[in-house]
Structure formats: structure tokens, C-alpha cells
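A short write-up of the structure that comes next.
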Amino acid sequence: MLSEAAHRDGAMLGQVVYERREGDFYPTPPENVDCLAHFVDLSKRVIWEPACGEGHISKRLLKVTTASVYSTDLHDRGYGRGGIDFLRADVTPRGVNMIITNPPFADLAEAFVRKALELMRPRGGSVAMFLRNEWDMSSEDRPDLFEGHPAYAMKVCVTKRPRFIEGSKGSPRHSYAWFVWDWAKPAGTLAPIRYIHPNNARPIRAAIN
Ligand SMILES: C[S@@+](CC[C@H](N)C(=O)[O-])C[C@H]1O[C@@H](n2cnc3c(N)ncnc32)[C@H](O)[C@@H]1O
């Protein structure tokens with residue numbers, strides 16, 4: 001049960017005074033996963049969700065795609081394997097060729113993106129991160145992750161603002177997008193920007209042979 005203060009969390013609602021949750025635990029409303037799966041074929045992927053929380057992304061991936069999903073988190077929240085600090089990971093679980101998460105906010109998000117890219121590079125794998133829509137605009141520190149980055153492959157803008165705190169009042173302030181990198185992307189191809197409302201998302205299904 002969330003405290004009254006958590007329901008007023010300004011990180012999600014845009015208010016000035018707020019209380020941050022431990023470990024920046026804000027579970028992703030699962031329909032947002034469908035928006036990624038509408039544009040990116042995840043059906044044959046072996047995915048690592050390295051900040052899985054209570055499994056909101058992982059469970060949805062397992063429901064709407066035929067991907068395998070390996071789930072870990074720094075904190076044990078009763079789903080996946082706890083006690084794994086992604087930023088210190090030096091081994092990638094066997095077969096993993098894609099990392100997908102909604103990382104902890106602020107300074108850690110960039111570290112997560114860079115770490116995921118580093119781990120996926122030798123495997124020619126992919127990375128998808130659920131971040132504020134303006135994340136590609138808001139810092140002078142990370143333009144190298146976008147324009148000209150050899151793996152930057154797509155931005156999927158979700159046209160319904162996610163409500164991260166169930167039952168919270170007021171309109172969610174922030175729009176979100178999936179940022180996708182793919183080390184197997186052909187050289188010189190551009191990264192399209194796509195738009196999708198969760199109600200219209202139809203995850204790509206694996207072809208039945
Ligand atoms: C915004 S929540 C998202 C949870 C889940 N990915 C989802 O979308 O529902 C961020 C999660 O990152 C986890 N976390 C924070 N620092 C971490 C780290 N260094 N390594 C792994 N997980 C971490 C937190 O415990 C929390 O569950």
C-alpha cells in the first residue's frame with residue numbers, strides 16, 4: 001500500500017514537493033510494452049530485464065511475445081532474481097541478445113543505457129529503454145547516444161502519458177518513449193520516430209512455420 005505522500009509523487013505528477021520511492025521503484029503500466037512490440041519484433045529474442053521490479057515489463061513480454069525473459073533487480077521485490085546490481089554486471093546471461101527496461105531515473109538512467117549498450121555490442125544485440133520523451137533532448141552529456149550513434153535505431157513515442165502510480169490523482173505530467181539501439185543495424189540507416197497509442201498497439205507475433 002502506498003503512502004499518501006507517494007500518491008502525490010512529483011516525479012510522476014509534476015508537483016514541487018515529493019517523496020522519492022526507494023530504488024526509484026515506479027512500475028511500468030504493462031500496455032506500454034505493447035507499444036514497443038508493435039514496432040520491434042521481439043518474438044525470437046532472449047531478453048534481459050535488469051531492473052525488473054515486480055515484473056511489470058517482464059510479465060507483459062512473456063504474455064504478448066514469444067521471447068524468453070531473464071529478470072533481475074538490485075532489490076528483491078518478489079519477482080526474478082534480486083541482489084544483482086546491473087551497473088556492476090560483468091557477465092551477460094547466456095543467449096541474451098536484447099536488454100529491455102524502464103531504468104531508475106535521473107543520473108542512473110544514462111549509466112543503464114551505456115552499460116546495456118556495452119554488454120550488447122559484442123553480441124550484435126539490441127537495447128530498448130523506456131524513458132521520458134525528451135530524454136534525447138535534455139542533456140549536453142549524451143548527444144553521442146543519438147545522432148550518429150551506429151546502433152541508434154528507433155524512437156517509439158507513446159501518445160498516452162503513463163500513470164506510474166496506480167490510483168494517483170491528476171494528469172500524469174510526462175510523456176514517455178521507447179529508445180531503441182540495435183548493434184546489428186545496417187550502417188548508414190536512419191532512426192525513425194514512430195508514434196503509437198497503447199490502445200492501438202498490436203504486438204508483432206512470430207510467424208508460425
Ligand atoms: C523505475 S523502476 C522500474 C521497474 C521495472 N523495470 C518496471 O518497469 O516495472 C526501477 C527499478 O530499478 C531498480 N534498480 C535501481 N538501481 C538498480 C541497479 N543498480 N541494478 C539493478 N536494478 C536497479 C529498482 O530496484 C527498481 O525496481
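Before moving on, here are some points about what is shown:
- Listed conditions (1) farther than 22 Å from THR72 by Cα; (2) in contact with a Lys or Arg (Cβ under 8 Å, 6 or more places away or on another chain) are all met by GLU147, apart from (2).
- In region 122-129 there is no residue that is among the aliphatic types (A, V, I, L, M), in a helix (DSSP H, G or I) and closer than 19 Å to VAL180 by Cα.
- Condition check for SER126: within 21 Å of TYR26 (Cβ to Cβ) and touching a Lys or Arg at 6+ places or on another chain (Cβ under 8 Å): no
- Members of region 135-149 found to be of a type in the set (Asp, Glu), free of Cβ contacts under 8 Å to residues at least 24 places away in the same chain and assigned to a helix (DSSP H, G or I), listed by number: ASP144
- Here ALA116 meets the list (1) small (Gly, Ala, Ser); (2) farther than 14 Å from ILE47 by Cα; (3) surrounded by 15 or more Cβ atoms within 10 Å (Cβ to Cβ); (4) under 16 Å from the mean Cα position of the chain (by Cα) almost entirely, failing just condition (2).
- Test: PRO27 is in contact with a Phe, Trp or Tyr (Cβ under 9 Å, 6 or more places away or on another chain), in contact (Cβ under 8 Å) with a residue 24 or more places away in the chain and crowded, with 20+ Cβ neighbours inside 10 Å: no
- Qualifying strands (runs of 3 or more DSSP E) (wholly inside region 27-112; at least 2 residues being farther than 27 Å from PRO192 by Cα): 68-71
- Residue that is modelled with the lowest pLDDT [pool: residues in region 88-104 that are within 9 Å of the ligand (Cβ to nearest atom), surrounded by 14 or more Cβ atoms within 10 Å (Cβ to Cβ) and not small (Gly, Ala, Ser)]: PRO104
- Contact map, region 82-102: residues that are on the phi > 0 side of the Ramachandran plot and acidic (Asp, Glu) paired with residues that are outside any loop (DSSP other than H, G, I, E, B) and away from the ligand (no atom under 14 Å from the Cβ), Cβ distance under 6 Å, separation 6+ or inter-chain. No pairs are found.
- For region 40-69, the set of residues classified as under 14 Å from VAL127 (Cα atoms) and away from the ligand (no atom under 13 Å from the Cβ) consists of VAL40, ASP41, LEU42, ARG45, VAL46, listed by residue number.
The values are calculated or read from the model by the stated rules, or taken from the named source; none is laboratory data. Just so it is clear, the structure is predicted and the values come from calculations on it, not from any experiment. Every residue, glycine as well, gets a Cβ built from its backbone with ideal geometry; the counts of neighbours run over all protein chains shown.
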